[in-house]
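What follows is one structure encoded as structure tokens, with my remarks underneath.
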Amino acid sequence: MAPKKDVLLQVRDLRIEGYSDEQWIEIVHGVDLTLHRGEVLGLIGESGAGKSTIGLAAMGFARDGCRISGGSIEFDGLELTTTSESDLRALRGSRIAYVAQSAAASFNPAHRIIDQHTEAPIQYRIQKRVEAQEDAMQLYERLRLPNPGEIGFRYPHQVSGGQLQRAMTAMAMACRPDLIIFDEPTTALDVTTQIEVLAAIRDIVDQFNTAAIYITHDLAVVAQMADTIKVLLKGEEIEEAPTEQMLDEPKEDYTKSLWAVRSFKRPQKARPAGPDAQPIVSVKGIEASYGKTKVLDDVSFDVYPGMTVAVVGESGSGKSTTARCITGLLPPTSGEILFKGEPLPPRYQDRSKDQLRQVQMIYQMADTALNPKIRICDIIGRPAQFYSGLRGTALKSRVDELLDLIELEPSKYYSRYPTELSGGQKQRIGIARALAADPSFIICDEVTSALDQLVAEGILKLLDRLQKEFNLAYMFITHDLATVRSIADEVVVMQKGKVVEQGPKDEMFTPPHHPYTDLLLSSVPEMDPNWLTSLLEERGTDQIGEAADV
Amino acid sequence: MSNFVIVYYALLIAASCLAAYFKKREIFILVFTLTLVSFFMGIIGGQSALRFITTAAGLLAVAAGMSYAFREFLILITPEGVAKELRTAPLTAAFGMFVICTYAIAGIFAPIIAPFGEAQVISSAFAPADETMLLGADQLGRDMFSRIIYGARNTVGLALLATMLAFIMGALAGLLAATKGGWFDQFLGRFADVIMSIPSLIFALLMLSIFGTNLIVIVIVIAVIYSPRVFRLTRAVAGNVVVMDYIEAAKLRGEGTWYLIRKEILPNSTAPLIAEFGLEFCFVFLLIAGLSFLGLGVQPPTADWGSMVRENATLISFGELTPLIPAAAIALLTVAVNFVVDWMLFRSSGLKEM
């Protein structure tokens, strides 16, 4: 790690207020922070902990509806809280840079990448256009982007997500800033892509001796990146310590609970044996395409009652498309889907009410999966009313029963709107809506990936309990192998629309693997701070580039 | 220096000093600006200018006070959910609601409020105002005030009917197009393009001269002219809602199109539609006034603000304000509706005011 030199950023007793319900409420309660040149500080915490707000405040910036109400932010001897807005603007971009979570949303789609890259250096008259472009290409090369001389002249939608995130990091380096703030730069990426972005970020921070604040909720990631880790909860600091010390002996209970979060694991169930045993859903050699692009190629697997089949793979591997074929949203071009031995009509419009009832779906984003203008009682009540014809008090008692099942108090939540719930509660409502139809097969599409780890674990436990209670079969779509490890009975690994390997979970997690499964498994960050370094040595840089560009 | 001037300045300066002393920044700036303006206007225009400023400031204050009281009144009489929304309404919106409310009452109770019938000739042409005729007489000797009151009923009622019809047609088509998609969407879209490509006034003139100028034809023609705009907006708004996961969930449940539109899509598109309703209402209102001015809208002797402006237009060359009164009625309603619409747009955009 870089040698510690003088203090670059000194934040004392930072207080930030947010405006809601017509009053100012303090959301960051006095946080201190010291960052030396060339040092990387990891900010970690659940959503709502104030990580991003503090990160932005380090640039002297507060989001709309927020204001810095107290404390001091001293950047290289300059007090940012009293600096004028125009001076701050000159500072941002040139001496402090910011890398946002979603590069795809942060790049302007109407301009070429290199034009956006060179905008700041030209604006601040650090470089001329030609120099800036040459410098950009050098940075692209350092970040191991393919075709560094050419890639900048593409538009943002023409490069992949991982490449875009690396281009964003290059852009942040354009003016050689003293401080970069990384706000969850890899959260939206696949594990295999995440590695090369992490490696690139670490390289460039080391090479230029840049200080960085790395914001994330993923401990294993922050362990690779940071020299020091600071744990935040609800706008307050829980503890701060050098990375190794923090990982080995966390002091506070909250930190320990974060560390222990992936402890939930249940034993693997075997397929029911005997002549009567028949899969509840059987996918037989389906192929599907969007327009002329073939997205599924000969996908087959079986799901038995009471069991969980996890479908894993990177984005674009056809996991969600398989789910769309099973639900009937995308009729397969060939092959068939059997439900309890009977073939299902390919289009959902042709299926009977009972067939529709049996297959339910839980979505990734609870925000878009629940209609914000409908009350909880109607969201859950509608399937019960629609399929079973329940009315009046019978319907109400059914909704109460369902709310009890998902561990939400009926009297409190019955007539609320979805916007009045937290992320985890919304996901529970999504589960209740699926249950209300009284199904035998539920497709869970990345149900925990948008949630904090503690909340996600609660959801997994709930799903597990419901499975035992109602003998449900789950198809669990995910790219998170930790989730697979905790809940799956069988695993299907998909790549580029094909099933590359499938079998019982314990078998899949013990070598030998299919090379692709191996790549996926080894790409999951571990809590060891030297994990990334040793993995990169093991693989060599070329292979990482390849894996990312598939 | 009359007593009026002395008392006027004394009051204003005392109020400014009090505001400054108690650190009420906004009140101080308001009052002191008024003091300064009065001071300079007083030097330039003398006592009459001063009286004019006093009247204008007084009217504004009365309007603001009325709006404030009206909003508090509405908050008290409405149920909890609506009252919560009303508390966020700015004074301009409250003023708009008050004006709309006044127009509605004038329209509904026109025969009771108006002292004379709308076609009743009671005086000589262009007779000046007296105690029986508050606003004087028009070009045939009919009472101007009574005709304004009846005009509220005819003009506003007609505009409301036409706008509602346009919305029912446009919104339904837009929702169907967004839900069904495919060739149905294409067909409706191109059909809307065809209607929009014809200049609206020429289209109205053509249709009215073919089918005659009765009220039903006017309403239908105007609804047809304005429905493509509503269609486009609804389709765009609903298009964003249709791609949501909850719509997919409802479709997979096996729900029909009508349920999807009514329960899932419409509640999520109402805010921009209501705002658009207010805007379209103003345009329809102006189109009807324009048509009446051209003699193709509401036919005499029915009172209508647009035709009243036209009929009394000659009087303006004699420096009389009479023809401007119906015009002012139109303007006031348009402004009032837009105040309310602005507030709704602001709410639906989800912006936070600092």
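The values are calculated or read from the model by the stated rules, or taken from the named source; none is laboratory data. Keep in mind the model is a prediction, meaning the values are calculated, not measured. A quick note on method: Cβ atoms are made from the backbone with ideal geometry, for glycine too, and the neighbour counts reach across all protein chains shown.
What to note about this one:
- The one condition in (1) buried (at least 19 other Cβ atoms within 10 Å of the Cβ); (2) part of a loop (DSSP other than H, G, I, E, B) that residue A:97 fails to fulfil: (2)
- Test: residue in segment A:305-319 that is out of contact with any Leu (no Cβ under 9 Å at 6 or more places or on another chain), within 14 Å of chain B (Cβ to nearest Cβ) and within 24 Å of residue B:250 (Cα to Cα): no
- Complete set of residues in segment B:1-54 that are surrounded by 13 or more Cβ atoms within 10 Å (Cβ to Cβ), in a helix (DSSP H, G or I) and basic (Lys, Arg): B:51
- Just one of the listed residues (A:395, A:408, A:390) is surrounded by 14 or more Cβ atoms within 10 Å (Cβ to Cβ) and under 30 Å from the mean Cα position of the chain (by Cα), and it is A:408.
- Some residue of segment B:249-264 being more than 10 Å from every other protein chain (Cβ to nearest Cβ), within 20 Å of residue B:204 (Cβ to Cβ) and among the charged types (D, E, K, R): no
So that you can scan it fast, the table gives a plain yes or no per residue for (1) modelled with pLDDT of 90 or more; (2) small (Gly, Ala, Ser):
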{"site": "B:201", "(1), (2)": "no, no"}
{"site": "B:218", "(1), (2)": "no, no"}
{"site": "B:228", "(1), (2)": "yes, no"}
{"site": "B:252", "(1), (2)": "no, no"}
{"site": "B:271", "(1), (2)": "no, yes"}
{"site": "B:274", "(1), (2)": "no, no"}
{"site": "B:289", "(1), (2)": "no, yes"}
{"site": "B:295", "(1), (2)": "no, yes"}
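- Residue among A:329, A:344, A:338, A:390 that is of a type outside the set (Ser, Thr, Tyr) and at the interface with chain B (Cβ under 8 Å from one of its Cβ atoms): A:329
- Scanning segment A:371-381 for residues that are buried (at least 24 other Cβ atoms within 10 Å of the Cβ) and facing chain B (nearest Cβ under 9 Å) yields a single hit, A:371.
- If only residues of segment A:102-143 that are of a type in the set (Val, Ile, Thr) and closer than 13 Å to residue A:174 by Cβ are counted, the one that is surrounded by the most Cβ atoms within 10 Å (Cβ to Cβ) is A:113.
- When A:192, A:228 are checked against the criterion of being more than 16 Å from the chain's Cα centre (by Cα), of a type in the set (S, T, N, Q) and assigned by TED's automatic domain parsing to the domain that holds residue A:56, a single residue qualifies: A:228.
- Helices (runs of 4 or more DSSP H) contained in segment B:166-256 and holding at least 2 residues touching a strand residue (DSSP E or B) at 6+ places or on another chain (Cβ under 8 Å) and crowded, with 16+ Cβ neighbours inside 10 Å: B:245-253
- The helices (runs of 4 or more DSSP H) located wholly in segment A:106-192 that include 3 or more residues which are touching a residue at least 40 places away in the same chain (Cβ under 8 Å) and under 22 Å from residue A:211 (Cβ atoms) occupy A:113-123, A:161-172.
- Residue within segment B:149-156 that is in the same structural domain as residue B:214 (by TED's automatic domain parsing) and farther than 18 Å from residue B:289 by Cβ present: no
- Reported count of residues in segment B:86-97, each being touching a residue at least 40 places away in the same chain (Cβ under 8 Å) and buried (at least 17 other Cβ atoms within 10 Å of the Cβ), is 6.
- Of the residues making up segment A:423-434, just one is under 14 Å from residue A:401 (Cα atoms) and more than 13 Å from chain B (Cβ to nearest Cβ), namely A:428.
- Residue ID - farthest from residue A:443 (Cα to Cα), chosen from residues in segment A:330-370 that are small (Gly, Ala, Ser) and surrounded by fewer than 20 Cβ atoms within 10 Å (Cβ to Cβ): A:334
- Of all residues in segment B:102-127 being of a type outside the set (Gly, Ala, Ser) and in contact with a strand residue (DSSP E or B) (Cβ under 8 Å, 6 or more places away or on another chain), the one that is surrounded by the fewest Cβ atoms within 10 Å (Cβ to Cβ): B:115
- Filter pass, residue A:243 being outside the structural domain of residue A:492 (by TED's automatic domain parsing), in contact with a Ser or Thr (Cβ under 7 Å, 6 or more places away or on another chain) and farther than 26 Å from residue A:460 by Cα: yes
Here's the yes/no breakdown for (1) under 27 Å from the mean Cα position of the chain (by Cα); (2) buried (at least 20 other Cβ atoms within 10 Å of the Cβ); (3) of a type outside the set (Ser, Thr, Tyr):
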{"position": "A:277", "(1), (2), (3)": "no, no, yes"}
{"position": "A:284", "(1), (2), (3)": "no, no, yes"}
{"position": "A:289", "(1), (2), (3)": "yes, no, no"}
{"position": "A:295", "(1), (2), (3)": "yes, yes, yes"}
{"position": "A:298", "(1), (2), (3)": "no, no, yes"}
{"position": "A:303", "(1), (2), (3)": "yes, yes, yes"}
{"position": "A:309", "(1), (2), (3)": "yes, yes, yes"}
{"position": "A:313", "(1), (2), (3)": "yes, yes, yes"}
{"position": "A:316", "(1), (2), (3)": "yes, no, yes"}
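- Residue within segment A:152-170 that is of a type outside the set (Phe, Trp, Tyr), touching a helix residue (DSSP H, G or I) at 6+ places or on another chain (Cβ under 6 Å) and farther than 19 Å from residue A:102 by Cβ present: yes
- Answer from A:368, A:255 - the residue that is within 14 Å of chain B (Cβ to nearest Cβ) and outside any loop (DSSP other than H, G, I, E, B): A:368
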